[in-house]
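Participant: Below is the structure I would like to discuss, written out as structure tokens.
No value in this document is a laboratory result; all are computed from the given coordinates. Everything quoted here is computed from the prediction, not taken from an experiment. Counting neighbours? That spans all protein chains shown, and the Cβs are built from the backbone with ideal geometry, glycine included.
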Amino acid sequence: MSLFPQRPYSERTSSWLEQSGLHPLLARLFAARGVDAPEELSLDLKQLLSPLELKSCVSTASLLADILERKEPILVVADYDCDGATACAVAVRGLKMLGGEDVAIQFLVPNRFTMGYGLTPEVVELAAQQNPKPKYLITVDNGIASEAGVDHAHALGMQVIVTDHHLPGDRLPQALAIVNPNQPGCTFPSKALAGVGVMFYLLVALRAELRKRGKFTAATQPKIESLLDLVALGTVADVAQLDRNNRILVANGLKRIRAGGSQAGIAALFQVAMRDALKANTFDLGFAIGPRLNAAGRLADMSLGIRLLISDQPEQAIELAQELDRINRERRVIETGMQETALAHLAEDQLANTMAERNSICLWHPEWHQGVVGIIASRLKERFNRPAIIFAPADGSTGEELRGSGRSLTGFHLRDALDIVSKREPGLILKFGGHAMAAGLSIRKMDFDKFDNLFQQVANELLNDELLERRHPHDGALAASELTPEIGDLLAEEIWGQGFPQPLFYGEFEIAQQSLMKEKHLRLQMRPLGNGESLSKPLTGVWFNRTQTLPKRAKLAYRIVTDRYQGVARVQLMIEAHDDSELAVGK
């Protein structure tokens with residue numbers, strides 16, 4: 001069953017925000033998202049939380065300043081997703097801007113298929129072979145769980161500085177320094193920083209340290225704010241919680257992109273994705289730019305994406321972006337095949353019974369691609385409203401190891417659930433890590449059924465009927481007079497995302513016409529009902545990946561966007577759900 005609760009908000013707060021100059025609709029939306037006072041509306045960079053509050057950030061900046069002064073070789077060890085790639089680009093670019101022009105600053109990103117995740121001993125061996133051999137390794141978006149890798153680096157004469165945002169395990173690695181808002185003892189108010197945000201904060205602290213040392217003044221200091229387009233991309237693509245601090249980072253990054261001041265690589269990605277960078281929004285970052293960058297890490301080598309992000313040559317950037325676009329198209333083909341196989345494996349005629357009896361989904365197939373399992377887990381989670389973990393054979397494991405990626409529901413902390421499984425059956429999970437909503441792990445192929453059973457037990461214990469009900473929290477109805485291109489543009493300019501959700505509206509419509517686009521998307525001509533208002537012309541609605549037609553009157557949850565064609569702006573409704581409950585249809 002689907003529920004359609006309206007987000008509550010304080011009319012008093014909404015009125016207060018409106019009186020401060022905010023558009024009435026935005027005042028209502030912001031009040032429903034926890035904005036309590038007009039001063040919270042400012043997303044100026046000056047409102048960022050201080051690096052002084054981030055544990056070890058200032059002391060680590062002092063270490064980095066010493067390293068740069070001694071011109072000792074540095075190797076940045078990245079993760080292979082969009083957050084890791086942008087964090088690596090921020091590190092390389094930022095360190096060079098802050099005095100590392102004459103320092104050997106290299107980067108290394110592990111091959112996800114042969115080396116696994118994080119700073120493993122195998123990655124450390126590869127790091128030691130770089131020329132020149134680095135004296136310091138800086139991890140970005142990884143490292144907090146890399147005890148063995150850090151120890152191996154010490155044995156090979158290298159020191160490690162960990163910058164990460166993932167949750168730590170029971171023990172921290174014995175690194176030279178750790179900067180992570182989620183490490184024990186860190187009181188930083190925002191625990192939602194992405195890996196790229198952590199690295200940006202370290203650069204802010206490093207610039208302040210170098211300023212104290214007289215390297216430059218406030219007037220002559222390098223403008224590391226120019227890296228905020230990378231910070232915005234990594235934050236949104238990693239689905240980080242958009243608390244106020246992250247919204248400040250993303251807003252200022254988008255501001256640079258819209259002003260034409262982005263890195264050559266991001267400009268090239270907008271071009272190949274056929275998106276207008278001058279009207280960039282969080283949807284573009286999360287669903288057009290991020291996936292193209294992620295495709296390199298999923299199917300090929302993320303060093304391709306990092307080279308794009310650190311390139312200052314527009315011609316080279318376009319070539320690299322075009323290659324990423326090609327890889328992304330290949331990823332879509334693989335994803336479609338895997339999803340079809342997964343659904344067949346679940347047996348369509350038994351889906352209702354299977355999902356009624358199970359609170360989780362665990363699947364594997366010998367022909368699945370381990371770079372795409374996370375996307376399939378996400379698709380199945382959305383379809384069945386159950387936590388899903390999808391496995392594929394791990395490359396280089398002679399077929400005996402499976403690597404999985406999971407996606408979860410609000411209220412079911414996936415990493416903690418895996419931790420419970422690992423404690424109940426030590427050795428069953430070879431390694432794991434992640435967040436509340438997403439996690440990765442490795443198991444032996446022969447242990448799949450045992451893992452499936454144990455994970456299902458934990459899901460049964462932690463999930464209840466309320467958490468398993470599909471919910472579509474909405475922001476009420478829009479009046480017919482508000483269904484305009486101007487409102488679509490107004491909403492597109494704001495910062496929406498995880499924890500500060502894009503507006504979803506709810507209303508009853510008369511469906512005048514409906515047809516299929518490309519045999520898989522429903523296209524509608526529709527008029528709003530109620531409020532005594534009417535429209536002279538019907539609106540266009542689109543429901544992606546739905547072929548089932550709607551009744552003549554339907555209550556729908558929808559988003560409003562502005563579509564431009566041949567210079568004409570038209571409002572378009574993107575349908576997300578149909579409320580077909582008895583109450584909704586008036587039975």
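Participant: For the range 1-48 and the range 397-476, what is the separation of their Cα centres, given in Å?
Facilitator: If you average the Cα positions of each part, the centres end up 35 Å apart.
Participant: Same structure again: How much mean residue ellipticity at 222 nm does the chain get from its helices, if each DSSP H run of length 4 or more adds -39500 (n - 2.57) and you divide by all residues, to the nearest 500 deg cm²/dmol?
Facilitator: Details: 20 runs with 226 residues, N = 587.
Value at 222 nm, helices only: -11500 deg cm²/dmol.
Participant: Go through Gln322, Ile376, Phe113 and say which Cα lies farthest out towards the positive end of the charge dipole of the chain; charges sit on Cβ, +1 for Lys and Arg, -1 for Asp and Glu.
Facilitator: After comparing all options, I get Gln322.
Participant: What's the extension gain from Arg553 to Arg444 if we count 0.36 nm per residue and subtract their Cα-Cα distance? Intermediate results must be reported in sequence, preceding the final value.
Facilitator: Values: separation 109, 0.36 × 109 = 39.24 nm, distance 5.20 nm.
Contour length minus Cα-Cα distance gives 34.0 nm.
Participant: Another question, if that's okay. Would you please give the residues with an amide H less than 5 Å from that of Ile138, counting only those at least 5 places away or on a separate chain, with H modeled from the backbone geometry?
Facilitator: So Ile138 has HN proximity to Leu75, Val76, Val77, Ile161.
Participant: List every residue whose amide H lies under 5 Å from the amide H of Ala577, counting only residues 5 or more places away in sequence or on a different chain, with H placed 1.01 Å from N in the peptide plane.
Facilitator: Ala557
Participant: Taking 7 Å along the Cα-to-C-beta vector as the label spot, tell me the Ser62-Glu330 distance in nanometres, rounded to one decimal.
Facilitator: 4.9
Participant: From the phi angles alone, apply the Karplus equation (6.51, -1.76, 1.60; θ = phi - 60°) to the range 425-442 and give each ³J(HN,Hα) in whole Hz, x where the residue is Gly or Pro.
Facilitator: Coupling constants for the range 425-442: 9, x, x, 5, 8, 5, 6, 7, x, x, 10, 5, 9, 8, 7, x, 7, 10 Hz.
Participant: Here is a follow-up. Would you please state which residues of the range 259-289 a label at Ser226 would reach in this model, taking the label point 7 Å out along Cα→Cβ and a backbone N cut-off of under 18 Å?
Facilitator: Flagged as within label range: 259-268.
Participant: Can I ask one more? In terms of the Cα gyration tensor, with a ≥ b ≥ c the square roots of its eigenvalues, is the range 475-585 rounded because a/c is under 1.5, prolate because a/b exceeds b/c, or oblate?
Facilitator: Numbers: a/c = 1.27, a/b = 1.20, b/c = 1.06.
Note, shape of the range 475-585 comes out rounded.
Participant: Additional query: Quick one: 3J(HN,Hα) in Hz for the range 301-310, Karplus 6.51/-1.76/1.60 with θ = phi - 60°, rounded, Gly and Pro as x.
Facilitator: Per-residue couplings from phi come out as 9, 5, 4, 4, x, 5, 4, 4, 6, 9 Hz.
Participant: A further question on this structure: Based on alpha-carbon positions alone, could you give the equivalent ellipsoid semi-axes of the range 364-471 from the gyration tensor, as √(5λ), descending, whole Å?
Facilitator: Details: eigenvalues 99, 52, 23 Å².
So the three semi-axes of the range 364-471 are 22, 16, 11 Å.
Participant: By how many nm would the segment from Thr341 to Leu126 grow when fully extended, if each residue of separation counts as 0.36 nm and the alpha-carbon distance is taken off?
Facilitator: Computed gain between Thr341 and Leu126 is 73.7 nm.
Participant: Additional query: To the nearest 10 degrees, how steeply does helix 314-346 sit against the main Cα axis of the chain, on a 0 to 90 scale?
Facilitator: Roughly 60 degrees between the two axes.
Participant: Next question. Assign one of three labels to the range 19-138, namely rounded, prolate or oblate, based on the Cα gyration tensor with a ≥ b ≥ c the square roots of its eigenvalues; rounded applies when a/c is under 1.5, prolate when it is not and a/b is larger than b/c, and oblate otherwise.
Facilitator: On the way: a/c = 3.34, a/b = 1.99, b/c = 1.67.
Judged from the Cα gyration tensor, the range 19-138 comes out prolate (a/c at least 1.5, a/b above b/c).
Participant: Go through the range 29-37 residue by residue and turn each phi into a ³J(HN,Hα) via Karplus (6.51, -1.76, 1.60, θ = phi - 60°); whole Hz please, and just put x for glycine and proline.
Facilitator: Using θ = phi - 60°, the values come out as 5, 5, 4, 6, 10, x, 6, 9, 8 Hz.
Participant: Taking amide H positions as placed 1.01 Å from N in the peptide plane, with prolines and chain starts having none, which residues 5 or more places from Leu167, or on another chain, fall under 5 Å of its amide H?
Facilitator: Amide H neighbours of Leu167, under 5 Å, 5+ apart: Gly434.
Participant: Using only Cα atoms, tell me the angle between helix 82-95 and the longest principal axis of the chain; keep it within 0 to 90° and round to the nearest 10.
Facilitator: 40
Participant: Modelling each spin label as a point 7 Å along the Cα-to-Cβ direction, I'd like the Asp416/Ser50 distance in nm, to one decimal.
Facilitator: 3.2
Participant: Further question on the same structure: Between helix 57-70 and the chain, what is the angle of the helix's C-alpha long axis to the longest principal axis, kept within 0 to 90° and rounded to the nearest 10?
Facilitator: 50
Participant: Computed FRET efficiency, Cβ-Cβ of Thr187 and Asn460, R0 35 Å: what is it to the nearest 0.05?
Facilitator: Details: r = 36 Å, r/R0 = 1.03.
Result of the calculation: an efficiency of 0.45.
Participant: Right, here's the next one. State, to one decimal in nm, how far the label point of Asn545 lies from the label point of Met574, with both points 7 Å from Cα in the Cβ direction.
Facilitator: With each label placed 7 Å out from Cα toward Cβ, I get 1.3 nm.
Participant: So if each residue of separation counts as 0.36 nm, and I subtract the Cα-Cα distance between Phe287 and His23, what length gain in nm does that give? Before the final figure, lay out each step's value.
Facilitator: On the way: separation 264, 0.36 × 264 = 95.04 nm, distance 2.70 nm.
Taking 0.36 nm per residue and subtracting the Cα distance, the gain is 92.3 nm.
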